[in-house]
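The values are calculated or read from the model by the stated rules, or taken from the named source; none is laboratory data. Quantities reported herein were computed from a predicted structural model and do not represent experimental measurements. Because the Cβ atoms are built from the backbone with ideal geometry, glycine has one as well, and the counts that use them run over all protein chains shown.
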Amino acid sequence: MAKSLGNFVTIKDFIAKYNDANLLKLFFLSAHYSHPMDYSDKKIEEARQALERISILIDKINRMSKVKSLPPIYLIVGGIPQGGKKSKVKKDQEIEDLRNKFIAAMDDDFNTPQALACIFDLVSLGHKNIEDKSFALCAKKALEELLRILGIQLKHVKTAALSDAQIEAKIRERQQARLNKDYALSDKIRKELEEKGIILEDEKDKTIWRRKL
């Protein structure tokens, strides 16, 4: 084994290449500590995609919370949903169940693959209920708590040269181009935004955006 042969990578070289220690953490956490692991760029890319799934959800919830005032957040305290109507209890309990499964996995000889599975189940649950603002914020709070336990701290998204208002103006311009069936202009605007680190996601009746990691 020698660096000249390209069959090992130092942590310093990894950070220089990827600029995010969280990717390496996710790579190691994806297998039990007692099992051997094969390092590859492909697996690091899988870790990056996994991390991006989490960041996309949190970014959506953050931006959603700025749109208008929200109903009260239904907090989970001591394992029991507090506040809100009974209709909220079942959903809140789903979050608490995943949190308890995560803790059980960590107590089971540090079973990090199973713990990560709970985190991504929580991400899926958050996306599924994204329109329920109080629930989404509760899911975000639980998600950030579990990530901290694993030592994963999401990086702030890269800032672009454009402000939020400028981005939204560009999106309106693109929407008008699409209404005019000027698809060349629409594609051009999307590409320009992407080059500045802005990713557009077209949904049924709207376009949402996020800053690229």
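Things to note:
- From F110, F120, F135, residue being aromatic (F, W, Y) and part of a loop (DSSP other than H, G, I, E, B): F110
- Residue check for S34: at pLDDT 90 or above, of a type in the set (G, A, S) and either in the same structural domain as K128 (by TED's automatic domain parsing) or exposed (fewer than 12 other Cβ atoms within 10 Å of the Cβ) (or both): yes
- Which numbered condition S134 fails, given (1) more than 14 Å from D59 (Cα to Cα); (2) under 20 Å from the mean Cα position of the chain (by Cα); (3) not assigned by TED's automatic domain parsing to the domain that holds D59: (3)
- Test for I189: is it more than 15 Å from R63 (Cβ to Cβ), β-branched (V, I, T) and outside the structural domain of F120 (by TED's automatic domain parsing): yes
- Residue in region 190-209 that is part of a helix (DSSP H, G or I) and more than 25 Å from Y18 (Cα to Cα) present: yes
- Qualifying residue in region 42-60 (condition: within 12 Å of the chain's Cα centre (by Cα), polar (S, T, N, Q), closer than 30 Å to D132 by Cβ and surrounded by 17 or more Cβ atoms within 10 Å (Cβ to Cβ)): yes
- Just one of (1) at pLDDT below 95; (2) out of contact with any Lys or Arg (no Cβ under 6 Å at 6 or more places or on another chain) fails for V157. It is (2).
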